1. Could you provide, to the nearest whole Å², the per residue accessible area of the range 77-120 with probe 1.4 Å?
2. Restricting things to Cα coordinates, could you compute the convex hull volume per residue of the range 62-163 in Å³?
3. Restrict the search to the range 86-149; then list the trypsin sites (Lys or Arg not before Pro) that DSSP places in a loop and that have at most 12 other Cβ atoms within 10 Å of their Cβ.
4. Once all Cα-Cα distances of the chain are split into 5 Å bins that start at 0, what whole-number percent is in each one?
5. Between R218 and F189, take the C-beta separation as r, use R0 = 41 Å, and let me know the FRET efficiency to the nearest 0.05.
6. May I ask for the percentage of alpha-carbon pairs in the range 174-224 that lie more than 16 Å from each other?
7. In square nanometres, what is the average projected area of the Cα convex hull of the range 110-157?
8. Could you tell me which of rounded, prolate or oblate describes the range 135-180, using a ≥ b ≥ c as the square roots of the eigenvalues of the alpha-carbon gyration tensor, with rounded for a/c under 1.5 and, failing that, prolate when a/b is larger than b/c and oblate otherwise?
Amino acid sequence: MPIFNIGFVIFPDLTQLDFTGPLQVLSRLPQSATHIVAKSEAPVPSDCGLSLVPTHTFVNCPPLDLICVPGGNLGVVEAFSDRETIEFVRRQARTAKYVTSVCTGAFVLGVAGLLKGRRATTHWAFADLLPLIGATHEKARVVKDGNVITAGGITSGIDFAFSVVAEVAGETTARTIQLGLEYDPTPPFDSGNPDRASTAIKSAVLSEGYDKSMSAYRAGIDKATRL
């Protein structure tokens, strides 16, 4: 059985859980190899102070069966404004069995032209921007349209990873990995979805800089798609 090559594209100021959540799940997929890919071999700082070490660069990364782009607030703007990053994603997507993203990583796929005419999701605060990259927002934690799979905000990446494991290796394998990781969330608060969070909580989240970020996304997408 051939090795199933999984690649995560990382960049400065990414949200580490967008990456490490699905990484922890997918690294347990049988007969697979995981590649952490960046522009260079230098450690990549995340938005929480944790630096991540690439295993491959854009130059020496093998062809991927699954490519995943995590999100990262303003780090994503820099990523989708970078020609080398976009070209790498486009190149790998041509032959990948699955083209995927977590959170605002969807906008990297979008600028690469991979979400045109697709149903997709992203972090709830940025969902209204999906039409700027040709996508139609579907309200779900994980959205699959053909070979393109997008996950919603941050922790949705874990659910996305389990759905991929189930499709590639079967539900029994996915359930086995789930139990091994004891993934049985029972959060102490019911504020993890904007439909259930109070208006005050949503306003507090947006005031943390999301409004400023959305302006940067709009400007960045407009500029990047005109290049």
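1. On a per-residue basis, the range 77-120 sits at 39 Å².
2. Values: hull volume 8.9 nm³, N = 102.
Looking at the range 62-163, the number lands at 87 Å³ per residue.
3. Values: sites: R90, R91, R94, K97, K116, R118, R119, K139, R141, K144; in loops: R94, K97, K116, R118, K139, R141.
Hits after loop and neighbour filter: R94, K116, K139.
4. Whole-percent P(r) values from 0 Å outward: 1, 7, 15, 20, 21, 17, 11, 5, 2, 0, 0.
5. Numbers: r = 31 Å, r/R0 = 0.76.
My answer for the efficiency is 0.85.
6. Details: 820 of 1275 pairs.
Within the range 174-224, distances greater than 16 Å cover 64 percent of Cα pairs.
7. On the way: hull surface 11.9 nm².
For the range 110-157, averaging the hull's shadow over all directions gives 3.0 nm².
8. On the way: a/c = 3.49, a/b = 1.70, b/c = 2.05.
It comes out oblate by the Cα gyration axes.
The values are calculated or read from the model by the stated rules, or taken from the named source; none is laboratory data. Model, not experiment: these values are computed from the prediction. Reconstructed Cβ throughout: ideal geometry from the backbone, glycine too, with neighbour counts over all protein chains shown. Surface accessibility is based on the protein's heavy atoms, side chains included, excluding ligands, DNA and RNA. Shrake-Rupley method; radii C 1.70, N 1.55, O 1.52, S 1.80 Å.
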